[in-house]
Amino acid sequence: MDMTLRPKFHITGGEGWINDPNGLVLFGGRYHAFFQYHPYSNQWGPMHWGHVVSDDLTHWQPLPIALVPGDEGDRDGCFSGSAIVHDGKLWLLYTGATIRRPYEATGGDRQVQCLASSVDGIHFEKHGVVIGEDILPHDYSIADFRDPQVWRSGNRFWCVVGARKKEGKGRVLLFSSENLFDWRFEADILRESRGTMYECPNFSERLGVLTVSEQYQPAEGKVHLNLHTTRYFVGNIDYDKLSFNATSEGICDYGFDFYAPQFFDGEDIAIGWLNMWERDNPTSELGFAGMLTVPRRLYVEDGELKQQPILCVRKQFEREVHGSVEDNIKVGMIKICAENLTSLKLEMRKDASGAATLTFDGARWLFDRSKCGRPISGSETDEDSLAGIRSMPCDGNAHTELLVVFDEFSIEIFANGRALSSTVYPSPTADGLLLSLTADSATYSHFAVL
Ligand code: FRU
């Protein structure tokens, strides 16, 4: 096996384990992305903040590790958080974790919000705990208090933090500050989670969208089949009433592997973690585990959160589809446009042993990765998960625009703005593509990544 095999344009840690994207921000003219990182093994461990930068959101260069755990408040981990530019400096607000066992005797772990800053965007100075037990209302648990996301509105800084009522379920708390150091509790702004905990709350004032990643969200029909699901609420914060008013909600991505997305500060661009907790991760054998999604431009259409991939590409060819198309692609993007689509079958990463398939049956998109190389097992035990299947609703097929982003170990599907993202582990040489469809008219385009 080729140990150097890595995604070409998806962010990884190079070596070691990564999970959530953190601190997504434009600073000094470059896009910075940080991520939860355990550089010393392919398993989750004491969390560091890995760091990459990019000029174009497609080509990422590694920078030195930004945060290392072990100081006041973050003895056992620098958990997820966010970034903001203020006074010419780059500021990180993140969760400091201290593991306290036995759980019952100690009251559990301690999770507090810590601050760090940097002048050059590479070397960070820690400023310690800025939101601790003294600020968290006493009926919330300090053991589940994490993932602050900071923004500026009016003349104040605001942040949302995932929290949990003692003996209760997930909540989202709003805090405010004038200087990033002194914070005040403002309000509990979202209804209680249906799962156990809200992780990584993320609010975009520009879009009017709040996302939350819910742990152990129970399935509703064929939706939320993953162990944990990211949900969005369309709405805005009323800073006078200190409330968030949701007008609609839904799930962010229908695939197997999507969690903990974050917006770039002040922009409608987001990146998520392209994996899921409690799944085996075949790339561990190659020395790395975990990657981030392609950056996506987010927009709201008829109350629904939609996404388009952002990727520097050049069109290689476009052709009309009469029945079927054969192609080869394992890194790049394809686009299928169809008028009055009645059926579609797309076989991807195909070789003699099988392929990942996307089918359209008139009402739903069905993705099946069960015959695409290494099977992946996880904690999910429902019928679809065991069969390697995820589905996504489709309403209206008068005009269909399907974008599929391919990279080593992943397929991300965008159907009229709805996303379905999954990892796949086929043979590295499996690059066949076979499309067959029926429609009034259709085109197929193939793009190379620059
Ligand atoms: C979400 C999460 C966060 C936490 C981080 C730890 O995936 O559990 O709540 O800060 O990962 O790595």
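All conditions in (1) out of contact with any Gly (no Cβ under 7 Å at 6 or more places or on another chain); (2) not in a strand (DSSP E or B) hold for S427, with the sole exception of (1).
Residues that are charged (D, E, K, R) and either touching a helix residue (DSSP H, G or I) at 6+ places or on another chain (Cβ under 6 Å) or modelled with pLDDT of 95 or more (or both) within region 1-50 comprise R6, K8, E15, D20, R30, listed in sequence order. Among the residues of this structure, R164 counts as one that is more than 20 Å from the chain's Cα centre (by Cα), within 16 Å of the ligand (Cβ to nearest atom) and farther than 18 Å from Q262 by Cβ.
Specify the residue that is farthest from the ligand (Cβ to nearest atom); the eligible residues are those in region 242-301 that are assigned to a loop (DSSP other than H, G, I, E, B) and among the β-branched types (V, I, T). Even if it seems obvious, please write down each step before you answer.
Step one: list which residues in region 242-301 are assigned to a loop (DSSP other than H, G, I, E, B), which gives 242, 252, 254-258, 264-268, 274-278, 280-281, 287, 290-291, 293-295.
In the following step, the residues that additionally are among the β-branched types (V, I, T) were identified as 293-294.
Numbers: T293: 14, V294: 19 Å.
This residue is V294.
Any residue in region 16-25 that is within 15 Å of the ligand (Cβ to nearest atom) and surrounded by fewer than 18 Cβ atoms within 10 Å (Cβ to Cβ)? No: region 16-25 contains no residue that is within 15 Å of the ligand (Cβ to nearest atom) and surrounded by fewer than 18 Cβ atoms within 10 Å (Cβ to Cβ). Taken together, D268, D257, D280 contain a single residue that is buried (at least 20 other Cβ atoms within 10 Å of the Cβ) and charged (D, E, K, R), which is D257.
Filtering D55, D2 for residues that are touching a residue at least 60 places away in the same chain (Cβ under 8 Å), farther than 23 Å from Y259 by Cα and either loosely packed, with under 15 Cβ neighbours inside 10 Å or acidic (D, E) (or both) leaves a single hit, D2.
Condition check ((1) within 16 Å of the ligand (Cβ to nearest atom); (2) farther than 21 Å from S385 by Cα; (3) not in a strand (DSSP E or B)) across all residues:
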| position | (1), (2), (3) |
| --- | --- |
| R194 | no, no, yes |
| Y198 | yes, yes, no |
| P201 | yes, yes, no |
| R206 | no, yes, yes |
| S213 | yes, no, no |
| P218 | no, no, yes |
| N226 | yes, no, yes |
| T230 | yes, no, no |
| V234 | no, yes, no |
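Is it fair to say Y140 is under 18 Å from G23 (Cβ atoms), touching a residue at least 12 places away in the same chain (Cβ under 8 Å) and among the aromatic types (F, W, Y)?
Details: under 18 Å from G23 (Cβ atoms): no; touching a residue at least 12 places away in the same chain (Cβ under 8 Å): yes; among the aromatic types (F, W, Y): yes.
Spelling it out, it is not the case that Y140 is under 18 Å from G23 (Cβ atoms), touching a residue at least 12 places away in the same chain (Cβ under 8 Å) and among the aromatic types (F, W, Y).
Just checking, which of S80, S118 is more than 23 Å from A260 (Cα to Cα) and polar (S, T, N, Q)? It would help to see each step written out before you state the result.
Working: S80 fails: more than 23 Å from A260 (Cα to Cα).
Among S80, S118, only S118 is more than 23 Å from A260 (Cα to Cα) and polar (S, T, N, Q).
Of the strands (runs of 3 or more DSSP E) lying entirely inside region 92-155, the ones with 2 or more residues being more than 21 Å from H32 (Cβ to Cβ), aliphatic (A, V, I, L, M) and at pLDDT 95 or above are found at 125-131.
Among the numbered conditions (1) within 16 Å of the ligand (Cβ to nearest atom); (2) within 19 Å of the chain's Cα centre (by Cα), the only one that A143 does not meet is (2).
Could you tell me whether any residue of region 119-130 is within 16 Å of the ligand (Cβ to nearest atom) and surrounded by 20 or more Cβ atoms within 10 Å (Cβ to Cβ)?
At the first step, the residues of region 119-130 found to be within 16 Å of the ligand (Cβ to nearest atom) are 129.
If we keep only those that are surrounded by 20 or more Cβ atoms within 10 Å (Cβ to Cβ) as well, we get none.
The answer is no, given that none of the residues of region 119-130 is within 16 Å of the ligand (Cβ to nearest atom) and surrounded by 20 or more Cβ atoms within 10 Å (Cβ to Cβ).
Got a sec? Which of L358, L341, L386 is buried (at least 20 other Cβ atoms within 10 Å of the Cβ), modelled with pLDDT of 95 or more and not in a strand (DSSP E or B)? Exactly one of L358, L341, L386 is buried (at least 20 other Cβ atoms within 10 Å of the Cβ), modelled with pLDDT of 95 or more and not in a strand (DSSP E or B), namely L341.
Residues in region 92-118 that are among the acidic types (D, E) and more than 12 Å from the ligand (Cβ to nearest atom): how many?
Total meeting the criteria: 1.
The set of residues from region 353-393 being farther than 20 Å from C252 by Cβ, of a type in the set (A, V, I, L, M, F, W, C) and touching a strand residue (DSSP E or B) at 6+ places or on another chain (Cβ under 9 Å) comprises A355, A356, F360, A363, C372, I376, A387.
The values are calculated or read from the model by the stated rules, or taken from the named source; none is laboratory data. These figures come from a predicted structure and were not determined experimentally. All Cβ positions, even for glycine, are placed from backbone atoms using ideal geometry, and neighbour counts span all protein chains on display.
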